[in-house]
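What follows is one structure encoded as C-alpha cells, with my remarks underneath.
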Amino acid sequence: MFGVRFLNFFWGYIISGLALILLASPLTLLEQTGWVARAVLGILLVLSVFSWAIILQKTRLFGQIEPQTKKFLQMFRAGKGLPDPNTLRAGAGGTPLVIVYQAGYRELEAQLGAGGRAGAAATPTRVRNAHAVGVEMQVAAGEEVRRLEKWMPWLATTGSVSPFIGLFGTVWGVMDAFSGLGDAGSASLRAVAPGIAEALITTAAGLFAAIPAVIAYNYYVGGIRALAARMDSFASEFVAKIETLYSS
C-alpha cells in the first residue's frame, strides 16, 4: 500500500515537473537549477556543439564524394588506356578514388621504368608484379578510410556517454527534490519544482545530445564501409586493366 502511494506521489510530481518545463521559459528553468545541473548541461552542450560541427562537416564531405566518385569512374572507363592522374584530379578531385588511382599509377610507372610509360595507349612493356600495384592501392585506400573516419569516435562517445551524463543529472535532481520536501516539511510543488526541473532538463539534454550523434555515426559508418568496398573493387579493376594492357 505504501509502495502504491509512493509511486502515485512520485509520478504526480513528475507530471507537475513536465508541466513546469512545458509552460516555463528556458531562462526560468535555468534559474531554478542548481550548480550540478548547470555543470551537466554545460558538458552536454559542449558535446552536442562538437557533434553537430562534425555532422555538418561529414555531411558536406560525403555530399561531394558521391557525385565526384561517379564522375571519376566514368572518366576512368571512358577510354581503353589509362588516363593521366592529373586529368582525373582536375575533373573529379573530390573522391578518394583519385588518391588510390595515383598510388597505383606511380607503382605502375616505377615498374615500367625506362622500358615504357603508363598512359592512354598500351605499350609492349610487361608489368613485373601486378600484385604490388594492387598492394599500393590498398595501402592508399586504407589511408583514405582512416581520413574519413577522423572524429567518428567523438560521435560514438557522445552517443554512448551523453545519456549517462543526463542520467546523473536526473538522479541528482530527484535527490534534490526529496531534499526539498524534507526541508519544507510538506508536500508542495514549490518544494520539489527545482529538483524535478533539474531531473527532467538534464534527461532531455542528454537525449538531445545523444540521439543525433548515434544516428549520424551509424549513417556515416555505413557510408565509409560502402566507400571502402568501392575502393577495393576499383583497385581490383585497375589491376585487371593493367594486366590486360601490359600482358605482352
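The values are calculated or read from the model by the stated rules, or taken from the named source; none is laboratory data. Keep in mind the model is a prediction, meaning the values are calculated, not measured. Cβ: placed from backbone, ideal geometry, glycine included. Neighbour counts: every protein chain shown.
Lys150 meets the conditions (1) modelled with pLDDT of 85 or more; (2) part of a helix (DSSP H, G or I); (3) surrounded by fewer than 20 Cβ atoms within 10 Å (Cβ to Cβ); (4) not polar (S, T, N, Q) in every case but one. The failed one is (2). Limited to the range 211-242, what total is found for residues that are touching a residue at least 60 places away in the same chain (Cβ under 8 Å) and of a type in the set (Ser, Thr, Tyr)? Residues that pass the stated criteria total 3.
Out of Leu108, Leu45, Leu88, Leu29, which single residue is surrounded by fewer than 17 Cβ atoms within 10 Å (Cβ to Cβ), in a helix (DSSP H, G or I) and either of a type outside the set (Ser, Thr, Tyr) or at pLDDT below 85 (or both)?
One residue alone meets the criteria, Leu45.
What's the number of the condition Ser248 fails, among (1) modelled with pLDDT under 70; (2) more than 30 Å from Phe76 (Cβ to Cβ)? For Ser248, the exception is condition (2). For Leu200, are the conditions met, namely being under 28 Å from the mean Cα position of the chain (by Cα), at pLDDT below 85 and in a helix (DSSP H, G or I)? Against the criterion (under 28 Å from the mean Cα position of the chain (by Cα), at pLDDT below 85 and in a helix (DSSP H, G or I)), Leu200 qualifies. Which one is nearest to the chain's Cα centre (by Cα) among residues in the range 90-105 that are without any contact (Cβ under 8 Å) to a residue 40 or more places away in the chain and under 24 Å from Ala132 (Cβ atoms)? It comes out as Thr95. The numbered conditions (1) of a type outside the set (Gly, Ala, Ser); (2) more than 32 Å from the chain's Cα centre (by Cα); (3) modelled with pLDDT of 85 or more are all true for Asp183 except (3).
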